[in-house]
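These notes are about the structure you will find just below.
The values are calculated or read from the model by the stated rules, or taken from the named source; none is laboratory data. What you see is a predicted model, and the numbers here were worked out from it, not measured in a lab. Here the Cβ positions follow ideal geometry from the backbone for every residue, glycine too, while neighbour counts run over all protein chains shown.
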Amino acid sequence: MEPERVRARECQPKWEGKACAELAGPKAEQVWPLLEDFFGLNKWFPTLTTCLPVEGVSGQPGCVRYCAGFKTPVNKGDEEIVNWTKQKLLSIDPTELTFSYSIIDGNVGFHSYISTVKVLPREDGCSIEWRYEVEPVEGWTLANLDSFIGSGLQVMAKRMEEALQSNN
């Protein structure tokens, strides 16, 4: 990347966003184990075909997962690009039902990406909150990112609801 583009990106404020999904029925303590499985994201996130351990133990800070196969808002028509990232678990708190991770490598243009995912109890179930921040991403808008994470989280919540209902 040319030095001018790097400087321009560094001068812009980070994008920040938050997505929420409500689950009717399942309790926070039922949903947490599904999210806590750091190497199991492909079971829940739409279009993510691969989530493999790279290093460490799932659920232990410092572990790294390789995720691939997802489509992004900037993928052109029928190009056969395999999007991938390596993500590192930064912290996890099973008491507060929250964890944070960062993207440490990948081909989707995310720099300084950090997410915090939290499960919040509610009277009629629970909700999942996904907060994120990232340097502005070339070819994306903040609205693209909000839509990508927001729609992905809605599908995740629906899949988790269905999985927990079928276990009852």
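For the range 118-133, which residues satisfy the criterion of being acidic (Asp, Glu), more than 20 Å from PRO33 (Cβ to Cβ) and at pLDDT 95 or above?
Selection gives GLU133 alone.
Restricting attention to the range 30-68, report how many residues are farther than 22 Å from LEU90 by Cβ and without any contact (Cβ under 8 Å) to a residue 24 or more places away in the chain.
The qualifying residues number 1.
For GLU96, only one of the following conditions fails: (1) touching a strand residue (DSSP E or B) at 6+ places or on another chain (Cβ under 8 Å); (2) part of a loop (DSSP other than H, G, I, E, B); (3) modelled with pLDDT under 95. What is its number?
Answer for GLU96: the failing condition is (3).
Here's a check for you: in the range 83-99, which residue that is surrounded by fewer than 19 Cβ atoms within 10 Å (Cβ to Cβ) and over 15 Å from the mean Cα position of the chain (by Cα) is nearest to GLY62 (Cα to Cα)?
ASP93
For the range 53-66, which positions are at pLDDT 95 or above and in contact with a helix residue (DSSP H, G or I) (Cβ under 7 Å, 6 or more places away or on another chain)?
Hits for the range 53-66 are PRO53, CYS63, ARG65.
Filter the range 15-36 down to the residues that are part of a loop (DSSP other than H, G, I, E, B) and either at pLDDT below 95 or in contact with a helix residue (DSSP H, G or I) (Cβ under 7 Å, 6 or more places away or on another chain) (or both) and list them by number. Outline the logic, then answer.
Step one: of the range 15-36, the residues part of a loop (DSSP other than H, G, I, E, B) are 25-27.
Passing the criteria: GLY25, PRO26.
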